[in-house]
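The values are calculated or read from the model by the stated rules, or taken from the named source; none is laboratory data. In this text the structure is predicted, and so the values were computed from the model without any measurement. Using ideal geometry, Cβ is built from the backbone for each residue, glycine included, and neighbour counts are taken over all protein chains shown. Just so you know, the surface numbers come from the protein's heavy atoms only, side chains and all, with ligands and any DNA or RNA stripped out. Shrake-Rupley method; radii C 1.70, N 1.55, O 1.52, S 1.80 Å.
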Amino acid sequence: MLAKHFILATAGHVDHGKSALVKALTGTDPDRLPEEKERQITIDLGFAELNLAGSEGQRFHIGIVDVPGHEDFVRNMIAGVGSIDVALLVVAADDGWMPQTEEHLQILAYLGVERAVVALTKSDLGSVDTVARQIRDRLHESSFANAQIIATSVRNGDGIEVLKNALASEFSAMPPPRDYGKPRLFIDRAFTLRGFGTVVTGTLTGGQLRREQKIVVHPGNLQTRIRSIQSHRRELEVAEPGMRTAINLPDISVEQISRGTVVTIADFDPPNSTLIALLEKSIRSSRKNHDGRPLKSGSFVYLHHGTSRTAAKIALLKNRLLEPGKKEIGQLRLASPIFAFAGDRFVLRDPSEQYTLAGGMVLDPNGPEFRDEAKRKLLMSRATAPDDVRLWVRSEVGLHRFVSIQGLLDKSHFSNSEIAGALLSLKRDDTVVVRDKIAANASTWKALRDRATRLIDNELNKNPERAGYDLSELRAALRDKSTDLFEALIADMCLHDFVRKQSTITRRSHRPALPAKLQPVAAKINEALCRKPFDPPPRRELEGDLDAQRVLRFLIDSGEVIEISSDVVLMRENFEQMRNTVAAFISKNGPATVSELRRELESSRRIMVPFLERLDRAGFTRRLGDKRRLR
Ligand SMILES: Nc1nc2c(ncn2[C@@H]2O[C@H](COP(=O)(O)OP(=O)(O)OP(=O)(O)O)[C@@H](O)[C@H]2O)c(=O)[nH]1
Ligand SMILES: [Mg+2]
């Protein structure tokens, strides 16, 4: 049986025995920094691995992240628990539930961690039963209310095996970490190895990474290739979600990459600096302390996402205050962009970095501001069903009216095939219209088509002599519609009552005709063109006013008048007669010059030069030196 990979992280108050427990479970001391050894305190993240067997022979390979408990290092703790599957919450029997036990619990909840096992450590020192009751009490109404509580001691080894079994049973009940084809490695360490160059490590989520794969580093959009991959010092071809992953990026210098940067693939838009999120303040945050005060719209906070931390300004969309126990939609403006997906969780802390204030879920990673109630509702619906791909696709179409199918929800926790499937099902129900590369709500699409129909009909009513409405004018009248959207609209209209003719669109039933008031103008133009049939006046003289322009355009569109050049037009019958005369003259006399043909036709150079060029272009005549012959 293949081993499943999961990530476990410790959590809990300073000095409660997290690192000692990791060492007892794995044999590895996660405190690797000299300063940590000297001060006997964890400062930064530590790592270890643990192999467990399930009761039915399953094998679990667990990457462990050991976090610091001290209040000064909560920032590092958050970076360690951003992509974990299970928390190992540690409470010491001689100390009980303490401030960072509570803060870590809230952080885990904000980040959406749903499973935990509690280790009641130092059982050799304190009253296990009393503290176990206290823990159960504090876990009440948290997502860990039913977590197993295991008393352990690293002094006498009590409970260590029981804890391993408890963890194994936890993992047995879990599906493997999701692979939706969108890998992200949030970097927690970057260093240089002699002979290898830059190595970065992190917890892989969302998809696989393979050796030799092309990747992108954000922010900075640095493009490079993975030279090699390791997990817990073993070489790999492919790293899976849920693996502690180290990758060698020899083309990137260690100065360009650090905790907080993300390694991903090149399929996505760059990071964003504005996002729309559901913000949530835990009912647990205590009124007495600073962390219990409501969060004010307009305030500055630190946003922790993945392994990154950035300053942000909050704008709540409805109320001015976010009270404990409440949820609100808000916009976050970030001091530096983050590579967030819709559905990602994050934590907000105060500017002095002493308190955890709130948490949230990204509802739109590229959220322009909107206070529109309909859109707020659509976003709110997302928050209630973060795993419902159909709902997310439908709300995406609702939020943006017309969405390009390529890239639809690409920054999300849904795979491309889940998104395509949801779109297909919405299309089958006629909820969403899919045309070409565009998806829209059925009603939005109908409204757009009705508008275009009205514009075309208006135009054809006003100018019945025109063959159709210029597409460029129609597009301008519909205002800032993308090329893809406009093309999809025209194609859709042409399936029914409309037809595209060159650069215009018209009703199939439309027959251009001159309105009565323009008839006299037409007669005047006719007369002018026939007075000297082979030497008519220049076009600009015929088009004295707007009406004359309309008529001439109609005559050209209907084929009664032929456009020879920008300034020469001829009646069709005169044009044909000229052409026959040219043919007869050359047949009789052999190749002829412009002058000879001009004399024969009693025309002028102004007409003859463009006229003969036109015959050349049509392949009727051919020019050889200064003479024309017939083809
Ligand atoms: N008696 C007893 N002492 C323990 C036990 N577990 C840990 N300790 C001691 O408690 C102290 C703190 O242990 P650590 O494992 O460093 O605590 P920690 O939770 O990792 O501390 P931070 O990472 O700094 O938050 C050390 O001196 C350990 O030897 C235990 O089961 N019994
Ligand atoms: Mg420690």
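To the nearest 0.05, what FRET efficiency results for GLN406 and SER443 with a Förster distance of 30 Å applied to their C-beta separation?
After rounding, the FRET efficiency stands at 0.85.
Modelled label-to-label distance, GLU527 and ARG293, 7 Å Cα→beta-carbon offset: nm?
Between GLU527 and ARG293, the simple spin-label model gives 8.9 nm.
Pull out the extension gain between GLN134 and VAL499, defined as 0.36 nm times the separation in residues minus the alpha carbon to alpha carbon distance; nm, one decimal.
Computed gain between GLN134 and VAL499 is 123.8 nm.
Would you mind checking which residues have amide H under 5 Å from THR121's amide H? H placed 1.01 Å from N; only 5 or more apart, or other chain.
VAL91, ALA92, ALA93, THR152
Full-extension gain between ASP430 and ARG39, please, as 0.36 nm times their residue separation minus the C-alpha to C-alpha distance.
Result: 134.2 nm gained on full extension.
FRET efficiency for SER169 and ASP457, Cβ-Cβ distance as r, R0 = 56 Å, nearest 0.05?
Working from the Cβ atoms, E equals 0.20.
Between ASP616 and SER604, what is the spin-label point distance in nm, taking each point 7 Å from the Cα along the Cα→C-beta axis?
2.2 nm
Quote the relative contact order of the chain in percent (integer), defining contacts as alpha-carbon pairs under 8 Å separated by 6+ residues.
Relative contact order, the chain: 8 percent.
What percentage of the solvent-accessible surface of region 268-405, computed with a 1.4 Å probe over protein heavy atoms, is contributed by carbon and sulfur atoms?
Carbon plus sulfur share of accessible area: 48 percent.
Mind checking the angle between helix 128-139 and the chain's longest principal axis? C-alpha axes, 0 to 90 degrees, to the nearest 10.
Orientation of helix 128-139: about 20 degrees from the principal axis.
Okay, which of region 416-436 sit inside 16 Å, backbone N to the point 7 Å along the Cα-Cβ direction of ALA491?
Once the point is set 7 Å along Cα→Cβ of ALA491, 433-436 turn out to lie under 16 Å by backbone N, inside region 416-436.
Report, in listed order, any pair from LYS326/LYS427; LYS318/LYS437; LYS18/LYS281 with a Cα-Cα distance greater than 29 Å.
Pairs exceeding the cut-off: LYS326/LYS427; LYS318/LYS437.
Keeping the other protein chains in place, figure out the carbon and sulfur percent of the accessible area of region 92-169, with a 1.4 Å probe.
45 percent
Please compute the modelled spin-label separation between GLU114 and PHE196, points set 7 Å along Cα→Cβ, answer in nm with one decimal.
Taking the simple label geometry, PHE196 and GLU114 are separated by 3.5 nm.
Taking θ as phi - 60°, what are the ³J(HN,Hα) couplings along region 534-547 by the Karplus curve (6.51, -1.76, 1.60), each to the nearest whole Hz, with x for Gly and Pro?
Ordered by residue, 3J(HN,Hα) equals 9, 9, x, x, x, 4, 4, 6, 7, 9, x, 9, 4, 4 Hz.
DSSP loop (so not H, G, I, E, B), at most 16 other Cβ within 10 Å: list which GluC sites (Glu not before Pro) in region 1-104 pass both filters.
Passing both the DSSP loop test and the Cβ count: GLU56.
How much length is gained if the chain between GLU71 and SER55 is pulled fully straight, taking 0.36 nm per residue apart and subtracting their Cα-Cα distance, in nm to one decimal?
1.9 nm
Enter the accessible area per residue of the chain (Å², integer; probe 1.4 Å; all protein chains in place).
47 Å²
In region 362-468, which trypsin sites (Lys or Arg not before Pro) fall in coil by DSSP and have 11 or fewer other Cβ atoms within 10 Å?
Of the trypsin sites (Lys or Arg not before Pro), the ones in loops of region 362-468 whose Cβ has at most 11 other Cβ atoms within 10 Å are ARG371.
Looking at region 181-271, which trypsin sites (Lys or Arg not before Pro) are DSSP coil and have at most 15 other C-beta atoms within 10 Å of their C-beta?
ARG194, ARG233
I'd like the FRET efficiency for GLU576 and ALA420, computed as 1/(1 + (r/R0)^6) with the beta carbon distance as r and R0 of 51 Å, rounded to 0.05.
0.35
Counting only DSSP beta bridges with both residues in region 301-451, what percent are antiparallel, rounded to the nearest 5?
95 percent
Restricting to bridges with both residues inside the chain, how much of the DSSP beta-bridge set is antiparallel, in percent to the nearest 5?
Percentage antiparallel, nearest 5: 80.
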